[in-house]
Amino acid sequence: SPTSLLVRRSAEYAQLLGLVEIQRLREGAGPQGDVLARTYYGRFAQVAVNLLVLATVLPCFLLRAPRPLLAQSAKTAAIAVPGILGSIAIMTVELPGLPPALSSFLPAALLLPIAAARLAWLRS
């Protein structure tokens, strides 16, 4: 059908589509629905991951005494870069047995206790 052809063609560049377009394509997607759902929920999950990584690295700069900024920036990069790249890798991989919404928010669920612990252990 014309709708399935449109879905198949649009699923290749789903990252470039808007949320309304992705939602509209998901309705008649069929087998491509999981890819589109992962893209749809991945947009919201990426915002949550970015905020949680920010909360994780914020204690590197909130210190009682002044310290060299270069060392703190290197420590921040060592935490943030693998966190963001790992979350992108987990979000894009299809995990068997998990719905697309849950697999998209899995990195945020893993980062939530880490960010909470880092902020709780912050000395003020």
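The values are calculated or read from the model by the stated rules, or taken from the named source; none is laboratory data. The structure presented is a predicted model; accordingly, all values stated were derived computationally and were not measured. Here the Cβ is made from the backbone with ideal geometry for all residues, glycine too, and neighbour counts use every protein chain on show. Ligands, DNA and RNA are stripped out before the accessible areas are found, and what is left, the full protein with its side chains, is counted by its heavy atoms. Shrake-Rupley method; radii C 1.70, N 1.55, O 1.52, S 1.80 Å.
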> L119 passes all but one of (1) farther than 17 Å from L54 by Cβ; (2) surrounded by 12 or more Cβ atoms within 10 Å (Cβ to Cβ); which number fails?
Replying inline: (1)
> Going by the conditions given, is V57 over 26 Å from G18 (Cα atoms) and either open to solvent by 70 Å² or more (accessible area, probe 1.4 Å) or out of contact with any Cys (no Cβ under 9 Å at 6 or more places or on another chain) (or both)?
Replying inline: yes
> Residue check: is T76 surrounded by 17 or more Cβ atoms within 10 Å (Cβ to Cβ) and within 21 Å of A120 (Cβ to Cβ)?
Replying inline: yes
> Based on what the data block shows, is Y41 touching a Pro at 6+ places or on another chain (Cβ under 8 Å) and either in a helix (DSSP H, G or I) or modelled with pLDDT of 75 or more (or both)?
Replying inline: yes
>> Quick check on my filter: what residues within region 94-112 are open to solvent by less than 80 Å² (accessible area, probe 1.4 Å) and in a helix (DSSP H, G or I)?
In response: P100, A101, S103, S104, F105, L106, P107, A108, A109, L111
>> Could you go through region 69-82 and let me know if any residue there is under 28 Å from Q23 (Cβ atoms), under 15 Å from the mean Cα position of the chain (by Cα) and part of a helix (DSSP H, G or I).
In response: no
> Can you name the number of the only condition in (1) open to solvent by 20 Å² or more (accessible area, probe 1.4 Å); (2) modelled with pLDDT of 75 or more that P2 fails?
Replying inline: (2)
